[in-house]
Amino acid sequence: MADSTKLSSSTSVADYKKWKAANDRERLTHFFVERYEERYFQPIDSSYKHGFTMLAVACLVIETLESFYQGLTDTDGKSKKMFRDFLARDTSLRVLGIAGDWFYKDIRCGILHQSESRGGWRILRSGPLLDTEKKAINASAILCALRQEVNKYAEKIQTDEQLWEHFCRKMDAVCKNC
């Protein structure tokens with residue numbers, strides 16, 4: 001039954017296993033991007049847009065993408081570390097991690113645990129990605145940057161052996177959970 005479980009609209013667990021065994025990185029990277037598009041980005045693209053919901057989705061993407069980078073099968077008790085590590089990467093989102101853990105605490109934890117941003121932060125859908133003076137963040141810009149980061153990661157696993165191993169470890173765990 002698990003082999004028939006869909007990991008994306010075009011990929012089942014059986015497909016993943018077959019492509020992994022064949023070392024078909026091109027198909028697997030296409031599947032990886034498709035999975036993120038379908039689960040995270042397209043629902044936001046096609047629905048009423050609200051910055052709060054957009055940032056909730058962004059937080060899911062950050063933690064799962066970092067778990068792929070690290071090859072972690074589970075991030076239980078490691079969420080803060082996932083955010084620190086991801087926001088320390090050389091991306092346009094690095095600015096969110098420069099001043100410490102505020103994004104994790106005031107945005108991620110605020111949204112997840114209290115259904116609100118904390119620390120006076122406002123969530124907008126326009127303007128700069130981060131405006132520290134006005135304590136405002138642009139959810140649209142963050143999601144756009146994350147979409148680019150998912151594509152960059154997919155490109156990297158084509159040639160980076162360590163990232164490839166981490167990808168396979170994480171996807172194997174996803175399939176096992178099916």
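Structure notes:
- Segment GLU38-ARG118, length gained on full extension (0.36 nm per residue, minus Cα span): 25.9 nm
- Ligands, DNA and RNA are left out, and with a 1.4 angstrom probe the accessible area of the chain is 52 Å² per residue.
- Max mean-square fluctuation residue, GNM over the chain, Cα-Cα springs under 10 Å, options ASN151, ASN23, ASN138: ASN23
- Point-charge dipole on Cβ atoms (K/R +1, D/E -1) for region 75-178, about Cα centre, debye to 20: 320
- Cα gyration tensor shape for region 20-125, rounded if a/c is under 1.5, else prolate or oblate: oblate
- Residues of region 43-69 falling in the label zone of ARG125, defined by backbone nitrogen less than 16 Å from a point 7 Å along Cα to beta-carbon, are 43-58.
- Solvent-accessible area assigned to carbon and sulfur over the chain amounts to 49 percent, based on a 1.4 Å probe.
- Furthest towards positive pole of dipole, THR11, ALA99, TYR153, structure part the chain, Cβ charges: ALA99
- Between the listed residues PHE86, PHE167, ALA56, the Cα displaced farthest toward the positive end of the dipole of the chain, a dipole computed from Cβ unit charges relative to the Cα centre, is found at ALA56.
- Between the labelled values [x] 45, 32, 31; [y] 41, 37, 31; [z] 52, 33, 27, the entry that holds Cα extents along the principal axes in Å as derived from this structure is [z].
- Cα gyration tensor, region 1-46 - rounded (a/c under 1.5), prolate or oblate: oblate
- Region 40-74 and region 110-137 have Cα centres spaced 16 Å apart.
- GNM on the chain, alpha-carbon springs under 10 angstrom: the most fluctuating residue among LYS81, LYS134, LYS152 is LYS134.
- Cross-link pairs beyond the 28 Å C-alpha cut-off, checked among LYS20/LYS49; LYS17/LYS156; LYS80/LYS134; LYS80/LYS156; LYS78/LYS156; LYS80/LYS170: LYS20/LYS49
- Each 5 Å bin from zero holds the following percent of Cα-Cα pairs in region 107-164: 4, 18, 17, 17, 14, 10, 10, 8, 1.
The values are calculated or read from the model by the stated rules, or taken from the named source; none is laboratory data. Computed from a predicted model, the values in this text were never measured in an experiment. Cβ atoms come from the backbone with ideal geometry, glycine included; neighbour counts cover every protein chain shown. Please note that ligands, DNA and RNA were not included when accessible areas were found on the heavy atoms of the full protein model with its side chains. Shrake-Rupley method; radii C 1.70, N 1.55, O 1.52, S 1.80 Å.
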